[in-house]
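Novice: My questions all concern the structure below.
The values are calculated or read from the model by the stated rules, or taken from the named source; none is laboratory data. Fair warning: this is a prediction, and the values are worked out from it, not measured in the lab. In this analysis, Cβ positions are derived from the backbone assuming ideal geometry, glycine residues included, and neighbour counts consider all displayed protein chains.
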Amino acid sequence: MLFLFLAFPILMISSASVITVIDWASSGFTVATHASLQVVSHRLLQRDSPIHDASFGLLRDLKPHLARYVPWFTHELEYSGCEPTAPTGVGTAACRSSWNCTLADEMMADFWSAVDGDNTVLPVLSLCIAL
């Protein structure tokens, strides 16, 4: 019992009753909520997908409040950000970047176009690579 008293002093609170009065005729403030959505990168949102145009068209028509584009919750790495590949021509004028961001950039552009840049949340993108 001593352990309960030291670890859980809230158990020792008086059992006096509390009376709560609610005035339904007045309000202190109004709470507003908005339905929103999150677009997750996926191969079916690629520009050559048969549902690409319809998907982004519906997003445009819906006009969501605070829509989010989340490119990193995906099963395939190439859709979640820049795809790292071995660089070529290192140390020469023909050096090519080892980062291909084409898919991520296209999906971001399509998302931005569909929501018209209004009421949009763009989370900070981080790329984690397991070596």
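Novice: Pairs only if they're at least six apart or on different chains, beta carbon under 9 angstrom, first in the stretch 22-42 and under 23 Å from Lys63 (Cα atoms), second assigned to a loop (DSSP other than H, G, I, E, B) and among the aromatic types (Phe, Trp, Tyr); list them, first residue then second.
Specialist: Gln38/Phe73; Val40/Trp72; Val40/Phe73; Ser41/Trp72; Ser41/Phe73
Novice: Sort out which residues of the stretch 41-84 are of a type in the set (Val, Ile, Thr) and at pLDDT 85 or above, and write them in order of number.
Specialist: Ile51
Novice: Kindly provide the set of residues from the stretch 52-64 that are touching a Leu at 6+ places or on another chain (Cβ under 9 Å) and either of a type outside the set (A, V, I, L, M, F, W, C) or surrounded by fewer than 13 Cβ atoms within 10 Å (Cβ to Cβ) (or both), ordered by number.
Specialist: His52, Ser55, Pro64
Novice: Is it fair to say Thr92 is surrounded by fewer than 13 Cβ atoms within 10 Å (Cβ to Cβ), of a type in the set (Ser, Thr, Tyr), more than 20 Å from the chain's Cα centre (by Cα) and at pLDDT below 80?
Specialist: no
Novice: Would you please name the residue that is farthest from the chain's Cα centre (by Cα), looking only at residues in the stretch 27-66 that are closer than 13 Å to Asp116 by Cα and assigned to a loop (DSSP other than H, G, I, E, B)?
Specialist: It comes out as Lys63.
Novice: Out of everything in the stretch 96-114 that is in contact with a Pro (Cβ under 8 Å, 6 or more places away or on another chain) and without any contact (Cβ under 8 Å) to a residue 12 or more places away in the chain, what residue ends up being nearest to Arg47 (Cα to Cα)?
Specialist: Ser97
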